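Take a look at the structure set out below.
The values are calculated or read from the model by the stated rules, or taken from the named source; none is laboratory data. What you are looking at is a predicted structure, and each value in this text was computed from that prediction instead of being measured. Neighbour counts run over all protein chains shown; Cβ positions are idealised from the backbone, glycine included.
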Ligand code: SOE
């Protein structure tokens, strides 16, 4: 049967995009929101279907699948990947598993969405890019989940920079601050173990701001100087692990804070700060860009707003002004509420799902691609190398 053209089709008539998701914790829940809602609010060429959810604990995965609306469950990701009633594999597991799962999923002909950071090492990320390129020739699509690109104000900032409203860029300033590690009794979860997470604040939060910096500037970072710290070096082992009853501690093997500077080939300079020790900061992501003709500033705590300073205006009444990014012609706003009603964090995942469905239907490389994820990985790795050398320090006697 020929499929109706999507604009003429009712939602039920559109060809399904059967999603199989691996992992169902925080990111899994966020991605589920994306898959559930994208087709309801946007006119998509394919209809996302929550086909299968995979996790190792059978009872727990069934419970979440039931609540979130996934049709079936699996306890082995390999079984999920082998299923021929799955079109896309969505990877929401810790970083140490991304490469293996993505390579296997691409090999079985699936499209792939992989959470950030793309991998734990540059070598893994390179292998993933190679596999994604080969898969692209076969009509498959592979995307990495840097969701903050999908905040409408960030997408608008990118558009304004590309239009030349800031002129030549000089400064790109990004901070991503959380405080959940300030408490020294916070347990040693997987995010604090190098063998699972790859790195700490650097890979978790730094990956986001490196991606945003490169996306907004429209060019890659070509050099860095870094400084990392692990303030609390031992933490209680989580309750479920042996030894916890007697209050055993285990070593924290990742950074808690990463500061770095970067340079772009154009001559613009960037500063980055990623921390889990910024007391009082819960999920504070801020961006400011200064160019020869103007500046832009964004704060995730006020994510419906973008601050813009037009440096060509007479000084007398110039200043940063607030753009409320809720107009129908702002990025992604065509699917949402009337002006002023506002969006939130979860909408970034809905927009991510929307963009990925379009890329699949059009057979084009999505943004951010695995190659974009690899470029971020290269920057993170260079920061670690620089921090190990302590090259940022010129000692002062
Ligand atoms: C935890 O630090 C975390 O959930 C990150 O892993 C996400 O990528 C970020 O968006 C919010 O914080």
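Hey, among the residues in region 361-397 that are in contact with a strand residue (DSSP E or B) (Cβ under 6 Å, 6 or more places away or on another chain) and in a helix (DSSP H, G or I), which one's farthest from residue 227 (Cα to Cα)?
Filtering first and then ranking leaves 370.
Could you check, for region 49-61, whether at least one of its residues is modelled with pLDDT of 95 or more and within 17 Å of residue 358 (Cβ to Cβ)?
Scanning region 49-61 turns up at least one residue that is modelled with pLDDT of 95 or more and within 17 Å of residue 358 (Cβ to Cβ).
Can you go through 213, 262 and tell me which one is surrounded by 14 or more Cβ atoms within 10 Å (Cβ to Cβ) and part of a helix (DSSP H, G or I)?
Of the residues listed, the single one that is surrounded by 14 or more Cβ atoms within 10 Å (Cβ to Cβ) and part of a helix (DSSP H, G or I) is 213.
Looking at region 233-248, is at least one residue under 21 Å from the mean Cα position of the chain (by Cα), surrounded by 13 or more Cβ atoms within 10 Å (Cβ to Cβ) and either within 16 Å of the ligand (Cβ to nearest atom) or not in a helix (DSSP H, G or I) (or both)? Walk me through it before giving the result.
Of region 233-248, the ones under 21 Å from the mean Cα position of the chain (by Cα) are none.
The answer is no, given that none of the residues of region 233-248 is under 21 Å from the mean Cα position of the chain (by Cα), surrounded by 13 or more Cβ atoms within 10 Å (Cβ to Cβ) and either within 16 Å of the ligand (Cβ to nearest atom) or not in a helix (DSSP H, G or I) (or both).
Just checking, does region 368-388 include any residue being over 30 Å from residue 133 (Cβ atoms), surrounded by fewer than 18 Cβ atoms within 10 Å (Cβ to Cβ) and modelled with pLDDT under 95? Explain how you work it out, then say what you get.
Of region 368-388, the ones over 30 Å from residue 133 (Cβ atoms) are 387-388.
Narrowing further to those that are surrounded by fewer than 18 Cβ atoms within 10 Å (Cβ to Cβ): 388.
Now narrow it down to the ones that are modelled with pLDDT under 95: 388.
Looking through region 368-388, at least one residue is over 30 Å from residue 133 (Cβ atoms), surrounded by fewer than 18 Cβ atoms within 10 Å (Cβ to Cβ) and modelled with pLDDT under 95.
Can we say residue 198 is buried (at least 24 other Cβ atoms within 10 Å of the Cβ), modelled with pLDDT of 95 or more, within 16 Å of the ligand (Cβ to nearest atom) and more than 15 Å from the chain's Cα centre (by Cα)? Lay out the reasoning, then the answer.
Working: buried (at least 24 other Cβ atoms within 10 Å of the Cβ): yes; modelled with pLDDT of 95 or more: yes; within 16 Å of the ligand (Cβ to nearest atom): yes; more than 15 Å from the chain's Cα centre (by Cα): yes.
Considered against the rule, which asks whether it is buried (at least 24 other Cβ atoms within 10 Å of the Cβ), modelled with pLDDT of 95 or more, within 16 Å of the ligand (Cβ to nearest atom) and more than 15 Å from the chain's Cα centre (by Cα), residue 198 comes out as yes.
List the pairs whose first member sits in region 24-39 and is assigned by TED's automatic domain parsing to the domain that holds residue 74 and under 24 Å from residue 58 (Cβ atoms), whose second member is within 12 Å of the ligand (Cβ to nearest atom) and part of a helix (DSSP H, G or I), and whose Cβ atoms are under 7 Å apart, counting only residues at least 6 apart or on separate chains?
That search, which allows pairs on different chains as well, returns 30/346; 30/349; 31/349; 33/346; 33/349.
Let me spell it out: the conditions are (1) in contact with a strand residue (DSSP E or B) (Cβ under 6 Å, 6 or more places away or on another chain); (2) within 16 Å of the ligand (Cβ to nearest atom), and residue 303 meets all of them except one. Which number is the exception?
Among (1) in contact with a strand residue (DSSP E or B) (Cβ under 6 Å, 6 or more places away or on another chain); (2) within 16 Å of the ligand (Cβ to nearest atom), the lone unmet condition for residue 303 is (1).
Sort through 123, 105 and tell me the only one that's under 26 Å from residue 191 (Cβ atoms), away from the ligand (no atom under 16 Å from the Cβ) and touching a helix residue (DSSP H, G or I) at 6+ places or on another chain (Cβ under 6 Å).
105
Which of the numbered conditions does residue 191 fail, given that it passes all the others? Conditions: (1) without any contact (Cβ under 8 Å) to a residue 40 or more places away in the chain; (2) within 12 Å of the ligand (Cβ to nearest atom).
Condition not satisfied by residue 191: (1).
Restricting to region 300-328, name every residue that is buried (at least 16 other Cβ atoms within 10 Å of the Cβ) and within 28 Å of residue 41 (Cα to Cα).
Matches in region 300-328: 300, 303, 304, 305, 306, 307, 323, 325, 326.
Looking at region 101-184, what strands (runs of 3 or more DSSP E) fall wholly within it and have at least 2 residues that are assigned by TED's automatic domain parsing to the domain that holds residue 83?
Output list reads 111-115, 142-145.
A quick yes/no check of all residues on (1) at pLDDT below 95; (2) in a loop (DSSP other than H, G, I, E, B); (3) more than 16 Å from the ligand (Cβ to nearest atom):
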{"position": "267", "(1), (2), (3)": "no, yes, yes"}
{"position": "271", "(1), (2), (3)": "no, no, yes"}
{"position": "281", "(1), (2), (3)": "no, yes, no"}
{"position": "285", "(1), (2), (3)": "no, no, no"}
